[in-house]
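Notes follow once the structure below has been shown.
The values are calculated or read from the model by the stated rules, or taken from the named source; none is laboratory data. The structure presented is a predicted model; accordingly, all values stated were derived computationally and were not measured. Here the Cβ positions follow ideal geometry from the backbone for every residue, glycine too, while neighbour counts run over all protein chains shown. Areas reflect the complete protein model, heavy atoms only, side chains present, ligands, DNA and RNA absent. Shrake-Rupley method; radii C 1.70, N 1.55, O 1.52, S 1.80 Å.
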Amino acid sequence: MPISRRTLAWILLFASPALFSVNMLAARYAVFVPPNALALGRWAFVSLMLLPIVGPRLWRNRHALGRDWPDLLMFGALGMWICGAWVYIGAHTTPALNIGLIYAASPILVVLLGRLIDNETLTAGRIAGIVLCLSGVAVVFAKGEFANLLAIRFTVGDLWVAAGSVSWGLYSVLLKHRPNRLDPLARLCAHSIAGSLILLPFTIGEAVLWGGPDLGDPRLWVTWLVLALVPGVGAYTAYSFCVQELGPSRTSVSLYLGPPYVGVMAWLALGEAPHWYHLEGIALVLPGLFLATRAPARGA
């Protein structure tokens with residue numbers, strides 16, 4: 001018996017943060033790649049992977065795409081350039097603790113925009129859920145010590161990451177408010193092409209000023225492929241589908257699962273054993289997700 005689209009969306013709601021988390025691990029590994037080049041390679045490969053699959057659909061909708069080119073460039077800039085290269089730039093001077101805490105504010109922005117634009121109900125339960133999720137994220141990144149939060153020192157890189165966080169919030173909301181005839185996979189391909197075009201001049205400028213990536217390094221190509229396949233095609237397609245079926249506010253809150261997922265991945269891939277604060281963070285995030293994503297009662 002096939003599952004419904006809504007059931008699939010709920011499954012992907014919990015899977016997409018794990019896919020996005022691979023981006024953090026890969027980015028920390030790929031410090032040898034310039035930020036804009038890292039983002040360009042990621043989204044150029046996404047385009048190449050998807051074009052054979054969705055090319056006919058894009059061609060059939062070519063006239064609509066021609067009319068929507070400003071929207072495509074906007075999505076490419078928000079979702080692929082700012083959320084990609086800018087975060088990679090910030091990561092050079094910003095510790096992971098700062099990045100995690102700054103990006104934890106992105107779902108709050110989506111919920112607030114949903115309230116302002118869609119007049120979505122902001123119930124006490126949803127507010128409590130967001131607070132629990134934020135608390136869980138803070139516990140994980142502070143390693144269970146409140147003093148670690150007080151010891152945070154902000155850097156110039158934090159501004160780059162904060163811009164990426166705001167950009168992701170806008171991208172999430174506008175996915176719903178700029179609908180078109182394309183399915184999530186074809187839409188991602190169109191956004192990837194637009195993002196690659198935007199990234200290209202910045203990558204060239206980056207190479208001229210500071211040097212480009214070593215194209216003979218096999219690690220570069222492996223990193224590009226992993227970023228394109230997992231947090232690129234996989235995560236963005238799943239996220240877009242969830243936004244369509246469940247709405248941007250409910251979908252964005254699932255990103256609070258990112259820190260626990262990263263902890264598990266670091267344990268499996270890097271041999272870093274989980275600690276008690278990981279379990280405490282998960283214990284806060286899971287009920288927070290339940291409260292923040294459940295539908296409001298009728299008449300609320």
Do the sum for the chain: with -39,500 (n - 2.57) for every DSSP H run of n ≥ 4, divided by all residues, what is the mean residue ellipticity at 222 nm, to the nearest 500 deg cm²/dmol? -23500 deg cm²/dmol
Shape of the chain from its Cα gyration tensor (a ≥ b ≥ c, root eigenvalues): rounded if a/c is under 1.5, otherwise prolate when a/b > b/c, or oblate? oblate
Let me know the Kirkwood hydrodynamic radius for the stretch 1-44, please, with Cα pairs as the basis and the value in Å to one decimal. 12.7 Å
Per the C-alpha gyration tensor (a ≥ b ≥ c, the square roots of its eigenvalues), the stretch 218-260 is rounded if a/c is under 1.5, else prolate if a/b beats b/c, else oblate; here it's oblate
For the chain, what relative contact order do you get, as a whole percent, if you take Cα pairs closer than 8 Å and at least 6 residues apart? 40 percent
Just Leu175, Leu12, Leu268 to compare: in a GNM of the chain, with alpha carbon springs under 10 Å, which one fluctuates most? Leu268
Treating the beta-carbon of each Lys and Arg as +1 and of each Asp and Glu as -1, no other charges, what is the dipole magnitude of the chain about its Cα centre, to the nearest 20 debye? 900 debye
When the accessible area of the chain is split by element with a 1.4 Å probe, what percent falls to carbon and sulfur? 71 percent
Could you provide, to the nearest whole Å², the per residue accessible area of the chain with probe 1.4 Å? 48 Å²
Could you order Thr93, Thr155 so the one with the most accessible surface comes first? Probe is 1.4 Å. Thr93, Thr155
